[in-house]
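See structure below.
The values are calculated or read from the model by the stated rules, or taken from the named source; none is laboratory data. The structure presented is a predicted model; accordingly, all values stated were derived computationally and were not measured. All Cβ positions, even for glycine, are placed from backbone atoms using ideal geometry, and neighbour counts span all protein chains on display. Heads up: the accessible areas ignore ligands, DNA and RNA and are worked out on the full protein's heavy atoms, side chains in. Shrake-Rupley method; radii C 1.70, N 1.55, O 1.52, S 1.80 Å.
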Amino acid sequence: MAIALEILSPEKLLLARDVDMVVIPGTEGDIGVLPGHAKLVTSLRGGLVDIYENGKVAERFYVSGGFAEVTESRVAVLADEIIRQAEIDSAKAAAALTAAKDAFAAVSLDDAEAYRDASDALIAAQALVDSVAPHAVDKI
């Protein structure tokens, strides 16, 4: 039994196929989704979407955040920025992390919304850097 997976950016549908399992980076922790999962809508933090086929991770996508909708037979991942792990540029990832750290350091603690936005951007940038680390690639 499989679950239909769709990974979408604002520009296009990046992936649509049946898979064995999907692990998505929810804001409250990673969520493993198998066929028959309870209905769920969740926000995503920056991290990797792991796609399982034949008992192992077949492919990974980095998402900067966004939302996922889960039903018993389908998972739709919607994110502003989605990159196949194999296509991540490590130099650009490092530059994004440096910029996010600088922006976070400059935020006033009195501005809760700006602090939350800078914190989310920092988490996403760190996840992007972690996505190209050797340990992230070796898992596949």
**Q.** Rule-of-thumb Rg ratio for region 89-131 [Cα; 2.2 N^0.38 Å; N residues]
**A.** 1.16
Q) Measuring from a point 7 Å past the Cα of ALA2 along Cα-to-C-beta, which residues in region 60-89 have an amide N at less than 15 Å? A) 73-75
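How much length is gained on full extension from ALA91 to ASP130, taking 0.36 nm per residue of separation minus their Cα-Cα distance?
On the way: separation 39, 0.36 × 39 = 14.04 nm, distance 1.24 nm.
That pair, ALA91 and ASP130, stretches by 12.8 nm at full extension.
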Q. Over region 3-85, what relative contact order in percent results from Cα pairs under 8 Å that are six or more residues apart?
A. 32
Q) How far, in degrees from 0 to 90, does helix 112-131 lean away from the longest principal axis of the Cα atoms of the chain, to the nearest 10? A) 60
Q.
I need the phi-derived Karplus couplings for region 56-69: 6.51 cos²θ - 1.76 cosθ + 1.60, θ = phi - 60°, integer Hz, Gly and Pro marked x.
A. 8, 5, 9, 7, 9, 10, 7, 10, 7, x, x, 9, 9, 10
**Q.** Relative contact order [Cα under 8 Å, 6+ residues apart], the chain, whole percent
**A.** 22
Q.
Helix-only estimate, please: 222 nm mean residue ellipticity of the chain, summing -39500 (n - 2.57) across DSSP H runs of length 4 or more and dividing by its residues, to the nearest 500.
A. -9500 deg cm²/dmol
Q: Among LEU13, LEU128, LEU78, determine the one that fluctuates most according to a GNM of the chain built with springs between C-alpha atoms less than 10 Å apart.
A: LEU13
Q) Counting only residues 5 or more places away or on other chains, whose amide H sits under 5 Å from the amide H of LEU14 once H atoms are built in the peptide plane? A) ILE7, LEU8, SER9
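Per residue, what volume in Å³ does the Cα convex hull of region 1-60 take up? Intermediate results must be reported in sequence, preceding the final value.
Numbers: hull volume 5.5 nm³, N = 60.
Hull volume over Cα atoms, normalised by residue count, gives 92 Å³.
Leaving ligands, DNA and RNA out of it, report the carbon-plus-sulfur percent of the accessible area of the chain at a 1.4 Å probe. Walk me through the numbers on the way to the answer.
Working: 4170 of 7830 Å².
So the carbon and sulfur contribution to the accessible surface is 53 percent.
Over all distinct alpha-carbon pairs, what is the Kirkwood Rh of the chain in angstrom?
Numbers: mean 1/r = 0.0642 Å⁻¹.
15.6 Å is the Kirkwood radius here.
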Q) Once all Cα-Cα distances of region 21-101 are split into 10 Å bins that start at 0, what whole-number percent is in each one? A) 18, 47, 26, 8, 0
